[in-house]
Amino acid sequence: MEAVAGSRHFSTLSLSLSHNRTLRSSSPKSVKLSLSSTKASLSSRNWFAKEVWGWVNSNSKGVAVRRDLGLVVKAEMFGQLTSGLETAWNKLKGEEVLSKENIVEPMRDIRRALLEADVSLPVVRRFVQSVSDQAVGVGVIRGVRPDQQLVKIVNDELVQLMGGEVSELVFAKSGPTVILLAGLQGVGKTTVCAKLANYLKKQGKSCMLVACDVYRPAAIDQLSILGKQVDVPVYTAGTDVKPSEIAKQGLEEAKKKKIDVVIVDTAGRLQIDKTMMDELKEVKRALNPTEVLLVVDAMTGQEAAALVTTFNVEIGITGAILTKLDGDSRGGAALSVKEVSGKPIKLVGRGERMEDLEPFYPDRMAGRILGMGDVLSFVEKAQEVMRKEDAEELQKKIMSAKFDFNDFLKQTRTVAKMGSVSRVIGMIPGMGKVTPSQIRDAEKNLLNMEAMIEAMTPEEREKPELLAESPVRRKRVAVESGKTEQQVSQLVAQLFQMRVRMKNLMGVMESGSLPTLSNLEEALKAEEKAPPGTARRRKRSESRSVFVDSTTGRPAPRGFGSKS
Ligand SMILES: Nc1nc2c(ncn2[C@@H]2O[C@H](COP(=O)(O)OP(=O)(O)OP(=O)(O)O)[C@@H](O)[C@H]2O)c(=O)[nH]1
């Protein structure tokens, strides 16, 4: 085995093995894991095995190979962006927590790295703002260093930036699916036609190519040759027929032959012009395509995102195909297209071979950019352990009726992390009937609660009894949070009521089976049906009894909850 010397831009080194296999060694910059305190710890042997497995499984086609002095050095794509971001993590080495102050420098590095990668400025601004907000708000996860936490936040944000989920091709419900390809000259449109046919054939779909580029005779020949190469029929009608007419004829032919997918190649131009747009519109009208995909060259950076926007406004497209990701692209196109244009990248080209086309997976792309798959899975596992421990801790607190305002805030923030209230409600079965105005009220209430809790002292958050007993304290919280004293009193009362309800619920859970949704519904209905006044009386006595149960053992203060 022969180790290879690295260069600044090459974050991944290769080891040439005697029996013709290449394995990736740990980059000098990659982060070693140690988390003996949790099961998430990976032994260095496992870690290495994982590295090897990841490498063997990863698509290494997009890797530029240099053979200097008989040594093999591989550069991961977007190498410059990767090393730019590494500078950011390195600034956090030795820090204990992420804070407003210590993320200033790393955020500057991230901003610089993204701008150098040719990501559009508004996108960079939004990205940096969002990462900063999350970094400051994130709690400490035991065993996870701040730099690792920042890697995870940046990764998640990159995934979101690129569209979150993979955006699948859409197929027609009946008749042939028509995919119209558009794009400027030389971006790889004709090649993509054949690559796409090859890709869809592997999914069991029969395909036909239609040659509508009548301005460059060589384009028709090129498509015919490529069609043969992937063993797919090509419909041609020479250069004297109008593209929209060729498109119609091609579609008719495909229908007769019961072809599943028709892929239409169109003419490119050096730059956008009216004739090209008008012609494309005409072809689109003639075909009524299922997908209109703009082929863009990744090397053009943020320009690619601007093109997608223009084509979408002009002719209406369903997505983009990014080609030449194997080249010297810096990442700007991949990172800007979705955010700038609102249209997803559906497929990416990573080489000149017919096999070099694949779906665009935002998570895998983010993973490749960061080159830190090991750190990401480590942080995820540690977060999971933390969540479990948190849940156990919460359960203990609930059982001993010590659930306080800190827990309250934590819970509402956990919910907030899951998305908007409407999204969370949408996830709960049987909650579909909540009206938008109820959701808006709930969101407003949550914000009010947060404001009031933030105005409490740490002691008051931990011991709500202090607020229950002292009108002066409640008044102070009201003034500081800009709410009324009545609202503060209500919030304190709610916390005590919540303690009782949670304790009861936990009791049911501890006594055996989990309460089913119908059980809960029954319980809620019973409460609703109770004669007027009973529920309130019961709640009042519950809050008092809990208050007596709690740490102080003193009775509930008289008049608590009323205007004082
Ligand atoms: N490295 C690399 N080269 C590609 C990729 N896709 C296409 N190419 C090459 O880019 C060149 C141009 O591709 P074409 O398919 O002819 O481009 P086009 O958009 O049809 O061009 P016009 O017909 O002139 O509009 C060819 O040499 C292709 O082999 C890719 O993903 N990676």
Quick one: which of V283, V262, V296 is away from the ligand (no atom under 15 Å from the Cβ) and either of a type in the set (V, I, T) or touching a His at 6+ places or on another chain (Cβ under 7 Å) (or both)? V262
Which pairs have Cβ atoms under 8 Å, sit 6 or more apart or on different chains, and link a residue in segment 348-366 that is assigned to a strand (DSSP E or B) to one that is aliphatic (A, V, I, L, M) and surrounded by fewer than 21 Cβ atoms within 10 Å (Cβ to Cβ)? P359/V166
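For every residue, the table says whether it meets (1) part of a strand (DSSP E or B); (2) away from the ligand (no atom under 13 Å from the Cβ); (3) in contact with a strand residue (DSSP E or B) (Cβ under 8 Å, 6 or more places away or on another chain).
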site	(1), (2), (3)
G175	no, yes, no
L180	yes, yes, yes
K195	no, no, yes
K201	no, yes, yes
L209	yes, no, yes
Restricting the search to segment 333-346, which residues are surrounded by 23 or more Cβ atoms within 10 Å (Cβ to Cβ), of a type in the set (A, V, I, L, M, F, W, C) and more than 16 Å from the ligand (Cβ to nearest atom)? L335
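Residue-by-condition table, conditions (1) over 23 Å from E352 (Cα atoms); (2) outside any helix (DSSP H, G or I):
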residue: Q222; (1), (2): no, no
residue: V241; (1), (2): yes, yes
residue: K248; (1), (2): yes, no
residue: K258; (1), (2): yes, yes
residue: I263; (1), (2): no, yes
Search result, residues across segment 271-299 that are under 20 Å from Y199 (Cα atoms) and part of a loop (DSSP other than H, G, I, E, B): P289, T290
Check whether at least one residue in segment 272-279 is within 11 Å of the ligand (Cβ to nearest atom), free of Cβ contacts under 8 Å to residues at least 40 places away in the same chain and within 28 Å of A211 (Cα to Cα), and report yes or no. yes
Go through segment 321-365 and count every residue that is touching a strand residue (DSSP E or B) at 6+ places or on another chain (Cβ under 8 Å) and more than 20 Å from A117 (Cα to Cα). 7
Would you mind telling me which numbered condition in (1) outside any loop (DSSP other than H, G, I, E, B); (2) small (G, A, S); (3) within 13 Å of the ligand (Cβ to nearest atom); (4) surrounded by fewer than 24 Cβ atoms within 10 Å (Cβ to Cβ) G268 fails? (1)
The condition from (1) in contact (Cβ under 8 Å) with a residue 24 or more places away in the chain; (2) under 25 Å from D297 (Cβ atoms); (3) among the charged types (D, E, K, R) that K248 misses is numbered (2)
Of the residues in segment 323-332, how many are part of a strand (DSSP E or B) and either out of contact with any Asp or Glu (no Cβ under 8 Å at 6 or more places or on another chain) or more than 16 Å from the ligand (Cβ to nearest atom) (or both)? 0
Is there any pair with a first residue in segment 217-231 that is closer than 15 Å to N198 by Cβ and a second that is acidic (D, E) whose Cβ atoms are under 8 Å apart and which are 6 or more apart or on different chains, and what are they? L223/D213; L223/D265
Taking the condition of being more than 10 Å from the ligand (Cβ to nearest atom) and either among the hydrophobic types (A, V, I, L, M, F, W, C) or not assigned by the TED database to the domain that holds R353 (or both), how many residues in segment 221-237 meet it? 5
Would you be able to say whether some residue in segment 347-357 is of a type in the set (V, I, T), surrounded by fewer than 22 Cβ atoms within 10 Å (Cβ to Cβ) and within 30 Å of G175 (Cα to Cα)? no
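The values are calculated or read from the model by the stated rules, or taken from the named source; none is laboratory data. These figures come from a predicted structure and were not determined experimentally. Glycine gets a Cβ as well: all are built from the backbone with ideal geometry, and neighbour counts include every protein chain shown.
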